[in-house]
Ligand SMILES: C[S@@+](CC[C@H](N)C(=O)[O-])C[C@H]1O[C@@H](n2cnc3c(N)ncnc32)[C@H](O)[C@@H]1O
């Protein structure tokens, strides 16, 4: 299969779970020198870019469902093919789990063959196509009661010049960091999590980083996690609960 390494620092392939992923290559030797000033700038200024119509329409339909929901809400941002969304729904039967990804191709892909999950009786989830740069702001403004907020294997954008494409360097970060009693990020690039941890601290929240160690009978949370583990790479988790 032809592989392409793109600027996001990942390989685009037909099957996200294959075990031939290359380790991240970056020209940074530590947290980005402009991280603090970029985060402080975003925390001081509101992000007023107009919402895209399709994301607004998706949000409004979900908002009605969230308002009518009696239990907790779990947000699975950058859900890709939605594997983690389905697992979270199965494991949290009283929660409404919402998976969001901008890629129509990913959210509609059938991954049943590679990642079978018995979903009998599981209907407490939605997987939608939306741009999180808008969706996050809408969730924050609507004050959704998000108990757990997941960002699993976000695109790393490892080149130094792309700091502002990472979620902690983005203008929408002030909304991201307010969503969820807990925020869980996973990445195969520890520095991404260290930067997010520092950005969270500037915004007043504390988190800890640990390694993702799967026991023998545990399945990977997502296809990207499977791909990194199958390639012999370490995966890391940042858990923000304060
Ligand atoms: C590396 S993939 C990880 C997917 C999945 N979490 C997994 O681990 O298998 C990153 C995902 O983030 C999504 N994404 C990136 N920027 C986004 C944005 N602004 N809004 C919504 N989704 C976005 C991409 O479409 C992609 O599916």
- [ ] Measure off 7 Å from each Cα along the Cα-to-Cβ vector at residue 122 and residue 40, then give the distance between these two points in nanometres to one decimal.
- [x] 4.5 nm
Open item on the list: Please rank 113, 225, 201, fewest neighbouring Cβ atoms within 10 Å first, as an exposure proxy.
Closed with: 113, 201, 225
Task: region 107-172 - Debye-derived log10 I(q)/I(0), Cα point model, q = 0.18 Å⁻¹ - done: -0.98
Open item on the list: Starting from the 7 Å offset along Cα-to-Cβ, what nm value, one decimal, do you get for the label separation of residue 52 and residue 211?
Closed with: 3.8 nm
Task: √(5λ) per eigenvalue of the Cα gyration tensor, region 106-242, largest first, Å - done: 25, 20, 15
Task: Extension gain (nm, one decimal) between residue 94 and residue 113, 0.36 nm per residue minus Cα-Cα - done: 4.1 nm
Open item on the list: From the helices alone, meaning DSSP H stretches of at least four residues, give me the mean residue ellipticity at 222 nm for the chain, per-run term -39500 (n - 2.57), in deg cm²/dmol to the nearest 500.
Closed with: -9000 deg cm²/dmol
- [ ] Have a look at the DSSP beta bridges in the chain and tell me what percent are antiparallel, nearest 5.
- [x] 40 percent
TODO: Please compute P(r) over all alpha-carbon pairs of region 27-74, binned at 5 Å starting from zero, and give each bin as a whole-number percent.
DONE: 4, 15, 12, 11, 11, 16, 14, 10, 5, 1
Open item on the list: Please compute the alpha carbon radius of gyration of the chain, then divide it by the globular-protein estimate 2.2 N^0.38 Å. Two decimals is fine.
Closed with: 0.98
Open item on the list: Principal axis extents for region 71-181, Cα atoms only, whole Å, descending order, please.
Closed with: 45, 31, 19
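Rule-based calculations on the coordinates, nothing more; no lab input. Since the model is a prediction, treat every value here as computed from it, not as a measurement. Ideal geometry is used to build each Cβ from the backbone, glycine not excepted, and the neighbour counts take in all protein chains shown.
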